[in-house]
Structure formats: C-alpha cells, structure tokens
1. For the stretch 4-115, what is the accessible area per residue in Å² when the probe is 1.4 Å?
2. Below 8 Å, C-alpha to C-alpha, sequence gap of six or more: please give me the relative contact order for the stretch 4-61 in percent.
3. Of all the accessible heavy-atom surface of the chain, with the other protein chains kept in place and a 1.4 Å probe, what percent is carbon and sulfur?
4. Given R₀ = 35 Å, FRET efficiency for Ser85-Ser25 by Cβ-Cβ distance, to 0.05?
5. Under the 0.36 nm per residue contour assumption, what length would be gained going from the current alpha-carbon distance of Thr33 and Leu11 to full extension?
6. Along the charge dipole of the stretch 16-114, pointing to its positive end and built from +1/-1 on Cβ of Lys, Arg, Asp and Glu, which listed residue (Ser54, Leu81, Tyr94) has its Cα farthest out?
7. When the expected Rg is taken as 2.2 N^0.38 Å, what fraction or multiple of it is the alpha-carbon Rg of the chain?
8. Quote the charge dipole size of the chain about the Cα centre in Debye, to the nearest 20; the model charges only the Cβ of Lys and Arg (+1) and of Asp and Glu (-1).
Amino acid sequence: QVQLVESGGGLVQAGGSLRLSCVASGRIFRVNTIGWYRQAPGQQRRELVALITSGDSTNYADSVKGRFTISRDNSKNTVYLQMNSLKPEDAAVYYCYVKSVADYWGQGTQVTVSS
C-alpha cells in the first residue's frame, strides 16, 4: 500500500524559511508527476509546483516562483519543498502528491507564517 507522509511544517516568521519533506512508502509504478499543493482555510486547494519526472521539468505557480524550490532524492523516496521568503499569505496546509497509474496524496502538513 502506498503512503505519502509530509513533515517539516510549523510556525515561522515572515521572511523565514521552511523545508517540507514528503516520504513515499510502498511501490509506485510509472510515476509521471510529483508536486505540491496547498490549501488555506476557506480556499480551494491550489497547485504550487509540478515536477515532470521524465526530464525533470518544473512548473511553478506565479505566487511561489523564485521563492519555492522542489527537489527529490530517489534513494530516499523523498520529495522536498524548500520555501524561502515566506509571507503570511503562504500559511496553509501543504500536501504532496504523486501521479502515476493512480494518484496519491499525503495527509498534509500545516505551515503558519506570522507577520
């Protein structure tokens, strides 16, 4: 059974940084996209970044471009989201996902940014 588990969220001051991790367990075949979404209270879930595994191309939402960076360590089955220059509007629950023959989601990790 595939599981994605995020960690690394927490409380940070505006301008600070956090690195989120997403560890995958179980076997996932034919992964084509990995990425991160976030959802703030009362808002829809929004995609932040998608990494296309064939070629490692990335697509970032304008709201995080230049501040957030996705990376992965295949040896650890882990995807990271480095978040710099955090703003209060970045506060949300952050979810990682994997798209393959099926789609998998983590349970989310809370990020709070104080002004």
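The values are calculated or read from the model by the stated rules, or taken from the named source; none is laboratory data. Worth saying up front: this structure is predicted, and the values here are computed from it rather than measured. Every residue, glycine among them, receives a Cβ derived from its backbone with ideal geometry; neighbour counts consider all protein chains shown. Each accessible area value is taken on the protein alone, full model and side chains, heavy atoms only, with ligands, DNA and RNA left out. Shrake-Rupley method; radii C 1.70, N 1.55, O 1.52, S 1.80 Å.
1. 54
2. 23
3. That fraction is 45 percent.
4. That gives a FRET efficiency of 0.65.
5. Extra length available between Thr33 and Leu11 comes to 5.1 nm.
6. The one lying farthest along the dipole's positive direction is Ser54.
7. Normalised Cα radius of gyration, the chain: 1.01.
8. That gives the chain a dipole magnitude of about 120 debye.
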